[in-house]
1. For residue 333 paired with residue 321, estimate the spin-label separation in nm (one decimal), with each label point 7 Å from Cα along the Cα-to-Cβ line.
2. Whole-Hz ³J(HN,Hα) for each residue in the range 242-256, computed from phi via Karplus 6.51 cos²θ - 1.76 cosθ + 1.60 with θ = phi - 60°, x for glycine and proline: what do you get?
3. Based on the mean of other beta carbon atoms within 10 Å per residue, what is the order of 165-176, 186-197, most packed first?
4. At a threshold of 8 angstrom on Cα-Cα distance, excluding pairs fewer than six apart, so keeping six or more, what relative contact order does the range 178-309 reach in percent?
5. Of the beta bridges DSSP finds with both residues in the chain, what % are antiparallel, to the nearest 5?
6. Quick one: angle between helix 415-431 and the longest Cα principal axis of the chain, in degrees between 0 and 90, rounded to 10, please.
7. Considering only C-alpha atoms, what is the centroid distance from the range 95-146 to the range 372-437, in Å?
8. Give the angle, between 0 and 90 degrees and rounded to the nearest 10, that separates the Cα long axis of helix 325-345 from the longest principal axis of the Cα atoms of the chain.
Amino acid sequence: MAQDLSRKISAAHDEAKALYVARNPKSQAIHEEATRSLPGGNTRTVLYTDPFPICMKSAKGYQVTSEDDKTYTDFTGEFTAALYGHSNPVILDAINNVLQNVGMNVGATTSQEQLFAKELCQRFGLERVRFTNSGTEANLHALAAARLFTGKRKVVVFNRGYHGGVLGFKGGKPAPNNVDPNDWIVVKYNDLDAATRAIEGEGVAAVLVEGMQGNGGCIVSTEAFVAGIQNAAAKAGVVFVLDEVMTSRISRSGFAGLRGLQPDLKTFGKYLGGGLAFGALGGRADIMAAFDPRLSTSISHSGTFNNNTLVTHAGYAGLKHVYTPEAADNFTETGSRFLLRLQEAVKGTRITFTGLGSVMCSHFVEGDVEVKDVASADDIRENELLKDLFWFEMLEQGFWVTRRGFIALVLETPQSELDRFVDAVQTFVAKYRDVLAL
Ligand SMILES: Cc1ncc(COP(=O)(O)O)c(C=O)c1O
């Protein structure tokens, strides 16, 4: 990018950042206070933004309101977990019912957990399912089952894949805080030849893959890639684990349903808990038998809150009565139309939007080429200043988008707000045409 364009972006960025600071004094003060008890004032890394994060006071419907009293339309959607919004009456009723009539922490099995399990099995084609407290745990336990089943240890994963707080893969290697640092084979996403070679290697228990890399920037797999992984795994006797933590909302039966895949195991989380902490793993009965306590060969799968009454009621109510198969298909359609409009709005610029259905991400590509299909986040370098500038400007327009560009739509967002966002993107493109146009 030419020097004068870079200077222009820098100047616009400085101006937008100054406005952000001026607009959010209370958030800044809360952040400064928070640094006295939390490292960097933060207990969830993804939510830290420079110079300080905007602090939210409340949320209702499809909106969130900051401590500085600005109300935003929520396009962050709690990184897909807030699909139901912030006060869906069906979910609130389910939670209130538990508080008033059922009780919390009963320390026993309940009939509700089998009801919820049955619903999940039917919806996502699982023979057996187990609940956890997070998507991270779901993946950890799925890999434990795969290892027990195969008697092997290694796991094939993909660069820029994210499967949880201790299961991240960037720069071609496991993150420094990952579990089992020596057991991973990290392969380029959407590279089927490399994936097949890795799956056929010695000592491989499982291949763990996202149908769309969510955290990695909503990079969608090609049809051939995931289907090829499924075939290669079946041939090599390797357990194929599809991470559906983010993608289970795409279509009535998740990403696997959309592509006609039949993974050995799938992992879940996010909205499926009705907005409460949740995870699940499920699939083939013979592999899930790893957790059957009646068998002497089984392994323990514990977790105080695995079957807690709040999540089993709220999760069930959401799936049964709100995100019905028809609602899931319709919402995916709404998201796809919205994504197409965004892609249209940024044509001929260095911005691109990738994603699937109601989950997507903006990219500000360094270099003078228009990028339409991104096969791997390794293939693009992002202009972080432009990304920031976009974030500042969308906040200014009243949209709660993530700093990294990730967007997860909330079910009840009115069409008028989706339209307004497309307008805001068009305005952004027009305002910075000289630095964005190719
Ligand atoms: C694909 C994927 N897998 C697993 C996880 C981890 O889920 P949790 O944050 O509930 O531990 C995430 C979280 O963002 C995710 O996107």
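1. So the two model labels end up 2.5 nm from each other.
2. With the stated coefficients, the range 242-256 comes to 9, 7, 9, 4, 8, 8, 5, 7, 7, 6, 5, 9, x, 5, 4 Hz.
3. Details: 165-176: 15.6, 186-197: 19.3.
Ranked by mean Cβ neighbours within 10 Å, highest first: 186-197, 165-176.
4. Values: 165 pairs, mean separation 20.8, N = 132.
So the answer I get is 16 percent.
5. Working: 33 of 50 bridges.
Restricted to the chain, the bridges split so that about 65 percent are antiparallel.
6. 50 degrees
7. 36 Å
8. Rounded to the nearest ten degrees, it is 30.
Coordinate-derived values only; no laboratory data. Please read all numbers here as calculations on a predicted model, not as lab measurements. Quick reminder, even Gly has a Cβ in these numbers, built from the backbone with ideal geometry, and neighbours come from all protein chains shown.
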